[in-house]
Every structure is written in C-alpha cells, then in structure tokens.
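FYI, it's all coordinate maths here, none of it is from the lab. What you see is a predicted model; the values in this text were computed from it and never measured. FYI the Cβ positions are ideal-geometry reconstructions off the backbone, even for glycines, and counts take in every protein chain you see.
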C-alpha cells in the first residue's frame, strides 16, 4: 500500500554501489563523483552515501570514499553473495524507509536495471532509466536527462511529488570518477536479517559465469570501429571486423547488427550499451541517433563513413566521408595494410 509522507523529510543522495569481482564497479564510482557534484550544486548538507550489499566488503569503503562517498553503509551477509533481485530490493526498501534519502542512483547494469524498478515499485516512486545526465533544478528536484523519440531528442524527467527520486545511468556516460580527499568518512553496518526473512526465495542464484570478450575490451580500446544500419549485411560486417583487426582496435555496433546476430550485446555503444572514449572512433554506416552519440561523443578523433551526406553523425564528426561502405572499406583496409596503424592513432 502506498505510504503517506512529507517530502521535506527526505534528504541526501545515495548511490547503490555494485561489486565487480574484487573491486567496485566503474559506474558506481562515476555515480559517486556525480553525486558530489549534485550536492555542491544543490548546496546540500547531508553526506553523499554509498550503499553496498554483498559479502566480504571490509576493503571497499576506502575506494568508495575516494570516489566521493562521505558515508558508507555496508550490508554484508552470506545470503548476498550473489545478486538476487528480491532480497536486495527488500533490504534497500528497509533502509530507505528508515533513513529517507531524497535521491537514489544506480548503474544501468544488468543488476541495476533489474533492481531499480523493483525498488521503485516497493517504494511507490518513479525511476528514470538509462539517463545521460543528472542535475538539480531550483526547487531541488532531480532532473534526469534521457533520450526520447528514438534518440532524436533529449528529454527531462522529474518526479517532483514522490520520494525518493530514482535514476539509473549507463557506465561511462558521466565521465571518469574523480579522486576526493578521504581521510574522514563514516562506515555503518546494517543487519539485513529482518528484510531477508521476508524474501520468499523464489529465485536462487547458484553461480555466476562470464562470457569471454574476444579481442580488446571495448572500453579499453584506443581505436573503435563501430558498424550501424549501413553496415548491416554480412559482407559489410566482415569488412567492419577486418578494419578493426587491421587497426588493432575493438568492434562496436548500434542495434541493427546486434539484431542480425553479427554483433554481441557487449559491443553495443550508446545509452542502451556502453560509453567509449577511444583515441580514434570510426563509425561505419551509422546515422547518428542521440542515444548512440551519447556513447561515443567524447572520442579523441571521430571519423564517420556514410553514403547519406545529411546523416546527423556528421555533425559531431571531425572527418566526414560520404561514400558507400561496400566500396570504400576494401580500399581503406588495403591502404592500411600497407602502412602502420600508428599513423591513424597519431591523428588523435
């Protein structure tokens, strides 16, 4: 049942952090830095708080504080070794009802995208998903910026009447985490026993496996070659992969190659995928919808190949090539094979 409350009772910004093996996930650290920025923007008095659920968490508070957390709540329990949506949501609901944060931020990861709407439903509040920016307005409300209408425009989402305000953000969208002085920060331990009793255990996690990434990880590559609708034939896609191989780079994609089965989920770039900052980004047959551009706009050098001279991608490109993919890529590949890939990287 929906709870009645006073909006002014809810204060402060929380980041629900995630473990990534033996470290804190990249997006959690990025969100903590953003939370500190929002705190300064809104002149908020409450400490930015990181909430971390899992097992063996003792070594993590310092890293969270370095990225911007001024307080850390640890929920360390054997039952939380693997992510389980219902159990995590019940614990976060309990914490929120006790402590009343005004804003809750999560990464738009596989776990975060599952957890955020569940927590939102339990708390009778809204969730802005896959945001590309976050800010506070003059009334102190969170303004979540999201792509709309197929990525053609950016829209503001607000939740002015309900608390907490919730949002998820993809890794890399907000920029790198900063390093804050962290000599003084609070660490609290929360016992989840009462919340776990309510978990019916309908879903049990028995293990975690990771799909091996072929080649250079997309987020770490100095050169990224991404294919879109204009490269969505099997022959053209092979050219995209060959070009990336010649340059020693990674292959990225938009939705069409993924739908065709030529690319994998981990290669998707944009608000529905990953954000990249390579020295050189080469877009092949990509139109330039906002939801993709948000994921690559900070590349050092942007080269775009598209037969449509009015393609929106050209507006953010440093080098624009109007040509048919099937015609020009073989020539580019042949030319590069005769020269060092260092010549391309040097352009950045």
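What to note about this one:
- Taken along its principal axes, the alpha carbon cloud of region 218-347 reaches lengths of 36, 28, 27 Å, longest axis first.
- Residue order, fewest to most beta carbons within 10 Å, for 163, 7: 7, 163
- Its relative contact order, with pairs defined as Cα atoms under 8 Å and 6+ residues apart, puts region 121-279 at 19 percent.
- Two-site FRET efficiency, residue 326 against residue 241, from Cβ-Cβ distance with R₀ of 22 Å, rounded to 0.05: 0.95
- Spacing of the two label points (7 Å from each Cα toward its C-beta) at residue 318 and residue 139, in nm: 4.3
- Likely footprinting exposure, 281, 88, fewest C-beta neighbours within 10 Å first: 88, 281
- Per the Cα gyration tensor, region 187-295 maps to an equivalent ellipsoid with semi-axes of 36, 16, 15 Å, ordered largest to smallest.
- Rough spin-label spacing in nm, given labels placed 7 Å along Cα→Cβ, for residue 100 and residue 307: 6.2
- Shape call, region 197-249: gyration tensor on alpha carbons, a/c limit 1.5: prolate
- Coordinate range along principal axes, alpha carbons of region 7-197, Å, largest first: 44, 37, 33
- Shown for 83, 229: other C-beta atoms within 10 Å of each C-beta, ranked fewest to most, produce the order 229, 83.
- Only beta bridges with both residues in the chain are counted; by DSSP, about 20 percent of them are antiparallel.
- At 1.567 mPa s and 4 °C, Stokes D of the chain from Kirkwood alpha-carbon radius, µm² per second: 60
- Rounded to 10°, Cα long-axis angle of helix 85-99 versus longest principal axis of the chain: 50
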